[in-house]
Amino acid sequence: MRRSEKVKVGFTLFNASRYFLVYALGKIYATAPLIKYHMRVAVITDTANNEHYIRYLESFAKGCLGDMVLSDSAHKYDCAVIFGSYKQERGKPAHRGKGKIINSGMPYVQIETQLIGRPITSALHDEFRVGVNGFLWDDARWGFEHIQTDRAEKVFGRNGYDFKKEWKTTGDDVLLCMQKVGDASLRGLDIFKWTHETVKLLRDNTDRKILVRPHPLYRKKTIHQNLREQLEQIENVHWQESDLKKENFVPIEKQLENVWCSVTYTSGTGVDAVLNGTPNIACDSGSMVYDVSSKDVREIEDPFRGSKEEWANKIAHCQWSLEEFESGECWEHVSKSI
């Protein structure tokens with residue numbers, strides 16, 4: 001074989017090899033997005049302060065194939081899972097554990113209290129709010145760009161609610177709901193000052209009876225009593241008993257029957273109101289019903305009564321059951337936001 005023929009054959013073999021390599025690599029790169037990277041997930045045990053919360057974390061760990069570890073070991077992982085909200089000023093071990101994760105800057109999944117069908121008389125839940133890097137409407141990643149169009153039917157249905165329920169256009173009272181003193185969802189707000197100022201603004205914009213409902217878990221009882229005395233000096237303002245153990249306690253769902261509009265900051269009572277068809281005014285964008293509420297107290301006589309369907313499907317992707325924890329369905333959704 002002449003040299004020119006050898007060279008030609010050599011180039012042909014080279015080009016064939018090159019073509020195969022490019023083709024093979026192209027196939028690899030084309031399929032790479034389809035190969036799921038398994039994140040190393042640290043489920044942080046010292047963010048839960050009782051055995052029930054530990055069991056909830058165990059269920060989540062099962063679905064995400066995570067490891068149950070202490071917060072000191074979280075740096076070995078790609079993301080963490082914590083239980084409950086974080087209050088920096090609290091010195092309990094569970095808050096210290098959450099603080100280590102949140103202050104580290106690593107991505108985390110936050111499991112919080114139930115939204116739709118939340119139990120009032122028990123701290124135990126079968127379903128939970130689950131967000132990435134937060135737990136409020138405006139600060140967490142909820143994966144709304146990955147929603148399933150039929151999830152609202154599923155979540156609302158199993159909790160006994162019809163998200164298509166019409167808004168009420170009747171009712172007499174305005175119900176202002178306070179929150180637990182120092183609650184993380186207040187984000188540093190003085191709930192006593194907010195209540196006083198909001199009642200005065202309401203009084204300037206409506207003649208309706210105003211009911212002030214404190215949170216059932218009283219803290220700062222003396223300040224509560226002082227606030228009550230100040231508010232009851234304002235015309236047609238009344239203090240509603242909310243202590244579960246008192247005879248004149250009225251369940252929130254019963255009280256909402258005669259309410260024209262509720263007024264909340266980030267309280268879960270806003271969710272209760274909207275689910276029952278009662279218009280709501282949400283005074284902070286962290287409220288889980290912010291998209292289906294009025295934002296200004298001065299709208300008290302003409303509150304928002306628009307469509308709830310888009311919001312219903314979104315909030316249904318914020319709440320997951322223990323079964324969905326263990327099956328991995330919850331993790332499948334939230335991991336897309338990490």
task: May I ask you to verify whether residue 187 is in contact with a Leu (Cβ under 9 Å, 6 or more places away or on another chain), of a type outside the set (A, V, I, L, M, F, W, C) and touching a residue at least 60 places away in the same chain (Cβ under 8 Å)?
output: yes
query: Across segment 160-180, what is the total count of residues that are without any contact (Cβ under 8 Å) to a residue 40 or more places away in the chain and either surrounded by 15 or more Cβ atoms within 10 Å (Cβ to Cβ) or of a type in the set (Val, Ile, Thr) (or both)?
result: 1
- prompt: Does residue 202 satisfy being farther than 29 Å from residue 52 by Cβ, assigned to a strand (DSSP E or B) and touching a strand residue (DSSP E or B) at 6+ places or on another chain (Cβ under 7 Å)?
  reply: no
- prompt: Can you tell me which residues in segment 42-90 are assigned to a helix (DSSP H, G or I) and touching a residue at least 60 places away in the same chain (Cβ under 8 Å)?
  reply: 52, 56, 59, 60, 62, 63, 64
field: Some residue of segment 115-138 being out of contact with any strand residue (DSSP E or B) (no Cβ under 8 Å at 6 or more places or on another chain), among the basic types (Lys, Arg) and surrounded by 13 or more Cβ atoms within 10 Å (Cβ to Cβ)
entry: yes
task: For segment 139-198, name all the residues that are assigned to a loop (DSSP other than H, G, I, E, B) and acidic (Asp, Glu).
output: 139, 150, 162, 166, 172, 183, 190
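Which members of segment 242-271 meet the condition of being of a type outside the set (S, T, N, Q), within 20 Å of residue 299 (Cβ to Cβ) and out of contact with any Phe, Trp or Tyr (no Cβ under 8 Å at 6 or more places or on another chain)?
To start, the set of residues in segment 242-271 that are of a type outside the set (S, T, N, Q) comprises 243-247, 249-254, 256-257, 259-261, 263, 265, 268, 270-271.
With within 20 Å of residue 299 (Cβ to Cβ) added as a condition, the list becomes 256, 259-261, 263, 265, 270-271.
Across segment 242-271, the qualifying residues are 256, 259, 260, 261, 263, 270, 271.
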message: Every residue in segment 51-99 that is closer than 17 Å to residue 124 by Cα and over 21 Å from the mean Cα position of the chain (by Cα), please.
response: 51
field: All positions within segment 46-72 that are among the hydroxyl-bearing types (Ser, Thr, Tyr) and either closer than 12 Å to residue 327 by Cα or touching a Lys or Arg at 6+ places or on another chain (Cβ under 8 Å) (or both)
entry: 47, 59, 71
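Could you look through segment 91-109, keep only residues that are in a loop (DSSP other than H, G, I, E, B) and free of Cβ contacts under 8 Å to residues at least 24 places away in the same chain, and pick out the one that is farthest from residue 65 (Cα to Cα)?
Per the stated criteria, the residue is 91.
No lab work stands behind these numbers, since they all come straight from the coordinates. Because the structure is predicted, anything quoted here is derived from the model rather than measured. Please note: Cβ atoms are built from the backbone with ideal geometry, for glycine as well, and neighbour counts cover all protein chains shown.
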